[in-house]
Amino acid sequence: MTEDFHFYRPDEGHGLKHDPFKAIVAPRLIGWISSRDAQGRVNLAPYSFFGAFSSFPSIIGFSSEGYKDSIRNIEQTREFVWNMTSRTLAAHMNQTSAPVAHGVNEFELAGLTAAPGRAVDVPHVAESPASLECKLIDIIRLKTIDGTPMDNWLALGQVVGVHIRKSFIKDGLFDTQAAQPVMRAGYRGDYAQIGEHFEMFRPTA
C-alpha cells in the first residue's frame, strides 16, 4: 500500500512542483473581511484561510499571514464583517487584495457599495449575497509545535448580525447554489464555485 502514496514530512520538503497543502485543504470559502480602524477608516480584504467553528453560538474565524490592516483594525474596534464572494463579485474581491497603503478605502477602489452595519459599526458589501456581522472573541498569534511564535494571526468572532439578500431565500432556505460562493481551490490563482449538490443524512441509532 505504501507505494500507492507520496508521503513527505513538511519540514523536509514535499518533493513536488508546488507545496500541495493548500490544494489538499480545498475548496475553502474566502474570508472577505471588512473592518474599521479606531479613526473610522474602513478596510476590505480577502483571506484564504477562513472557516466556521461553531453554530450555537455561531463563531467564524480567519487567519492572516502577516500582521495586516484587518487584524490591526479588529484589535482596535473588536468588530468585523465577513462578506460572501459570489461569482459575479470575484473580480471585485480580487481587486481588494491589491497591496495599497493603509487608509485606502477598498470599497471605493473596487467599486463596491459600503452598506452600514446593524449590530456593528462596520460596513458590509451591499452586493454580497450574505454577510455576517461579528464581535471579536479573540485574536490568537499562532505557534509551531515547539512554541515558536509565527507571523500568523487567527481572529475569532461571534456572529451578532446576519444580512441575506432576499433574492437568495427560496422556500425559507438560503439558496447556496444560486448564490455561487467563490472558493480557493488550490494553488495561486486557482478558484472554484459550487458544482453538483447531493443529499446524505446521518445514520440513526
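We did not get these values from a lab; they are worked out from the coordinates using the rules stated. Just so it is clear, the structure is predicted and the values come from calculations on it, not from any experiment. Here the Cβ is made from the backbone with ideal geometry for all residues, glycine too, and neighbour counts use every protein chain on show.
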Subject >> the chain, helix-only ellipticity at 222 nm - DSSP H runs n ≥ 4, -39,500 (n - 2.57), divided by all residues, nearest 500 >> reply: -2500 deg cm²/dmol
Subject >> Net charge over other residues, Cβ less than 15 angstrom from the Cβ of G189 (K, R count +1; D, E count -1) >> reply: +3
Original post:
GNM on the chain, C-alpha springs below 10 Å: top fluctuator among V125, V160, V81?
Top reply: V160
**OP:** With a/c under 1.5 counting as rounded, go ahead and sort segment 18-191 into rounded, prolate or oblate using the C-alpha gyration tensor (a ≥ b ≥ c being the square roots of the eigenvalues; past the cut-off, prolate if a/b is larger than b/c, else oblate).
**Re:** rounded
Original post:
Say we join alpha carbon atoms closer than 10 Å with springs in a Gaussian network model of the chain; which of L109, L132, L44 then has the biggest fluctuation?
Top reply: L109
**OP:** Rounded to whole Hz and in sequence order, give me ³J(HN,Hα) for segment 193-198 from the Karplus expression 6.51 cos²θ - 1.76 cosθ + 1.60, θ = phi - 60°, writing x for Gly and Pro.
**Re:** 10, 5, x, 5, 9, 8
**OP:** Please label the shape of segment 128-205 as rounded, prolate or oblate, based on the square roots a ≥ b ≥ c of the eigenvalues of the alpha-carbon gyration tensor (a/c under 1.5 means rounded; beyond that, a/b larger than b/c means prolate, else oblate).
**Re:** prolate
**OP:** Pick out which of D138, D11, D190 has the largest mean-square fluctuation in a Gaussian network model of the chain, springs linking Cα atoms closer than 10 Å.
**Re:** D11
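Order these peptides, 167-174, 197-204, by their mean beta-carbon neighbour count within 10 angstrom, highest first. Show your work: numbers first, answer last.
Numbers: 167-174: 10.6, 197-204: 4.9.
Output ranking for 167-174, 197-204: 167-174, 197-204.
Can you put I71, I30, I139 in order, fewest other beta carbons within 10 Å first? Each step should come with its number before you reach the end.
On the way: I71 23, I30 26, I139 18.
Ordered from fewest to most neighbouring Cβ atoms within 10 Å, I71, I30, I139 come out as I139, I71, I30.
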Original post:
What is the fewest-to-most order of S35, S97, S63, S86 by other Cβ atoms lying within 10 Å of their Cβ?
Top reply: S97, S63, S86, S35
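Once you sort the root eigenvalues of the Cα gyration tensor of segment 1-87 as a ≥ b ≥ c, which label holds: rounded (a/c under 1.5), prolate (a/b larger than b/c) or oblate (the other case)?
Working: a/c = 2.80, a/b = 2.15, b/c = 1.30.
Here segment 1-87 falls in the prolate category.
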